[in-house]
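This report refers to the structure that appears directly beneath it.
The values are calculated or read from the model by the stated rules, or taken from the named source; none is laboratory data. Only a predicted model underlies this, so the values are computations on that prediction, with no experimental measurement involved. Backbone-built Cβ (ideal geometry, glycine too); neighbour counts: all protein chains shown. Heavy atoms of the whole protein, side chains included, go into the accessibility calculation; ligands, DNA and RNA do not. Shrake-Rupley method; radii C 1.70, N 1.55, O 1.52, S 1.80 Å.
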Amino acid sequence: MTGLLFLMVLSLVMIGCTNQAKSSKPAEKKDQPLTQVSLILDYLPNTNHTGIYVAEEKGYYQEQGIKLTIVEPGDDTTSIGLLGANKGEFGLSYQEDLTYAAASKQRIPVTAVATVLEHNTSGFVSMKSSHITRPKDFEGKVYAGWQSPSEEAVLKAVMTNDQADYQQLKLVGSSGNAMAGLGKEVDIKWFFEGWDYTQAVMDGYQLDFLPLRKLDKRLDYYTPIILATDKVIKEDPDLVRRFLKATKQGYQYAIDHPEEGANILHKKVPEYDLAFLKKSQAFVSKHYTDDPSKWGEMKQEVWDNYTDFMLENQLITKKIPAKTLYTNEFLSEGK
């Protein structure tokens, strides 16, 4: 009788412990309120952003307990400025803009936590009939662009590297239409290979393309990058890690499934031609990273190279340590 009573008590204790263990488990993520997170784009939605939309569509953010809101910046606002004004936790920008912001008198508290593309895929484009195959050929030609100091510095640098006279290049403002005037009143423009250049080739234009990263290694900078506010990094590092885990999954999926990635993006921006998005995505998916397992990771030498370029060309007045601009910390698993 005593033995039976002992077994009954033991059984009840074990059941109680099991129930307590069950009740002490955290609720499933689907039952938990999701953390509201805002991501501010650098520009209108395009194939640079596909991994984000894939992660949203596939539920990767929700799996990480995140309710993501994607925000497009206004015509007169930037993602860095909006993050500085506490309008979001994350944003897309460019290495150039972050370096400018860090070098300003009033530093905007944001840090790069991933790069979308491992290499700079932009370059100078011209009609084949113009026979512009190197920066030396820029002499006596007309370049249409944004007329920014950094743009002029890049043009001057690549021409000087090729023993060309920068003073013989005429700079004018761009109309905003990618192919407007090219081969006529304008000889050279600056395109992104996976976007403007891809569209122009699909439209039947015969073009020459000079990638910036082949003209000067310092110009193989990160564009675009993903930023996090220093506030969210300090107060909720786990959120940064969960956000990047979902985002990385999205980009890895887009790398393996470019056509499906294009279809998902098209659902978000149906005004774009689907055939163009598929062509663009086929290119960009191959260029997000050389190693999908390391998507998003950045190198100090890339930050240092471009900071040195900006300093040399008096775009900034002081050297900015790379460690204050970026971190790979939150891309690591299991931390």
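What to note about this one:
- Residue, modelled with the highest pLDDT, within segment 59-82, restricted to residues that are surrounded by fewer than 16 Cβ atoms within 10 Å (Cβ to Cβ) and assigned to a loop (DSSP other than H, G, I, E, B): 59
- When residues in segment 256-278 are screened for being of a type in the set (A, V, I, L, M) and surrounded by 20 or more Cβ atoms within 10 Å (Cβ to Cβ), 4 of them pass.
- Search result, residues across segment 220-252 that are in a helix (DSSP H, G or I) and of a type in the set (A, V, I, L, M, F, W, C): 232, 233, 239, 240, 243, 244, 246
Residue-wise test of (1) closer than 16 Å to residue 61 by Cα; (2) not β-branched (Val, Ile, Thr).
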{"position": "239", "(1), (2)": "yes, yes"}
{"position": "254", "(1), (2)": "yes, yes"}
{"position": "258", "(1), (2)": "no, yes"}
{"position": "265", "(1), (2)": "no, yes"}
{"position": "269", "(1), (2)": "no, no"}
{"position": "272", "(1), (2)": "no, yes"}
{"position": "282", "(1), (2)": "no, yes"}
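- Any chance residue 213 is in a helix (DSSP H, G or I), within 18 Å of the chain's Cα centre (by Cα) and surrounded by fewer than 19 Cβ atoms within 10 Å (Cβ to Cβ): yes
- Selection within segment 289-330 - of a type in the set (Asp, Glu) and open to solvent by less than 40 Å² (accessible area, probe 1.4 Å): 304
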